[in-house]
Amino acid sequence: MSRSRYPLIAVLLLLGIALLASGVSAAENGDRMIITSATAETMVTPDRAQVTVSVQTENADVKVAQAENARMMDEVRRALESAGIALIDMKTTGYSIYPVYDDSGSLFRQKVKYYRVTNSLQVTVRDVSRTGEVIDIAVGAGANQVDSIIFMVSEDLEQTIRADLLTKAVKKARGDADVVAAASGVNITGVKEISVGGYYPPVLYENVRGGAADMKTQAAIPTPIEPGQVKITAQVTASYLIG
């Protein structure tokens, strides 16, 4: 065999491999399937809360405002820690210092009236029934703003509930596929793929604000906080092979 034929043989081999590959692909793309989607959901009482409180101070001397703010926030932290809130469950989420100007002067000659310092602390409450108590403790220790309350489901509880919901969703998807298959006169021979989704939105209450004097006056009455419920959803989309 002459050497000139080697390139031709190589080309033919490559063409053969390409044809075989295209045949496999065609077989895969030619799968007959029934595709169904199903959702399972339930309402759950949150078992976690995140409360964000702030200390805001004002003074013509920025250093005085800053020092007073630091002292008050330290008292808030100490009070919460004494009440059983772990340091790992307290996190600073904001700190700002900005001047407030006197509006009575000229626009181009405004003078600083005072400085406002704000320090925000996020507190994770692992016993949701103590949410109101935690707010009262923080306010009693010096916090003069309650910025937000978020109710949520802990990861452990969510996983337990989602496992049950996914089981129900898969059974529902298979049940729908069985009905379609029977009505179409075909049989389900296997599962090609199943995709999983799901979502639950935490309950958020924002800008729960009040003056320090008013809040401390009301502190004698425990702050009523109700977490309500959140919806946890599990979704599946299944592709069943038929024959």
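Observations on the model:
- Qualifying positions in region 69-117 - within 14 Å of Ala141 (Cβ to Cβ) and hydroxyl-bearing (Ser, Thr, Tyr): Ser82
- Count - residues of region 138-158 that are closer than 21 Å to Val230 by Cα and assigned to a loop (DSSP other than H, G, I, E, B): 2
- Number of the exception - Ser129 against (1) surrounded by 13 or more Cβ atoms within 10 Å (Cβ to Cβ); (2) outside any strand (DSSP E or B): (1)
- Residues of region 54-71 that turn out to be touching a Ser or Thr at 6+ places or on another chain (Cβ under 7 Å) and either under 26 Å from Arg126 (Cα atoms) or in a strand (DSSP E or B) (or both), as a count: 2
- In region 193-226, the residues that are at pLDDT 65 or above, surrounded by 13 or more Cβ atoms within 10 Å (Cβ to Cβ) and more than 16 Å from the chain's Cα centre (by Cα): Ile194, Val196, Thr223, Ile225
- Selection over region 100-126 of residues that are in a strand (DSSP E or B) and modelled with pLDDT under 95 gives a count of 5.
- Residue in region 65-86 that is more than 30 Å from Ile225 (Cβ to Cβ) and among the hydrophobic types (A, V, I, L, M, F, W, C) present: yes
- The listed residues are Ile85, Ile135, and the only one of them that is in a loop (DSSP other than H, G, I, E, B) and either modelled with pLDDT of 95 or more or buried (at least 20 other Cβ atoms within 10 Å of the Cβ) (or both) turns out to be Ile85.
- Region 27-64: number of residues that are touching an Asp or Glu at 6+ places or on another chain (Cβ under 9 Å) and farther than 30 Å from Leu204 by Cβ: 3
- Answer residue from region 86-103, given it is touching a Lys or Arg at 6+ places or on another chain (Cβ under 8 Å) and among the β-branched types (Val, Ile, Thr) and is farthest from Val64 (Cα to Cα) among those: Val100
Quick grid of which residues meet (1) surrounded by 14 or more Cβ atoms within 10 Å (Cβ to Cβ); (2) in contact with a helix residue (DSSP H, G or I) (Cβ under 9 Å, 6 or more places away or on another chain):
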residue	(1), (2)
Val44	yes, yes
Glu58	yes, yes
Val62	yes, no
Ala65	yes, no
Met72	yes, yes
Arg78	no, yes
Met90	yes, yes
Gly94	no, no
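The values are calculated or read from the model by the stated rules, or taken from the named source; none is laboratory data. Keep in mind that what you see is a predicted model, and the values were worked out from it rather than measured. Positions of Cβ are backbone-derived with ideal geometry, glycine not excepted, and every protein chain shown enters the neighbour counts.
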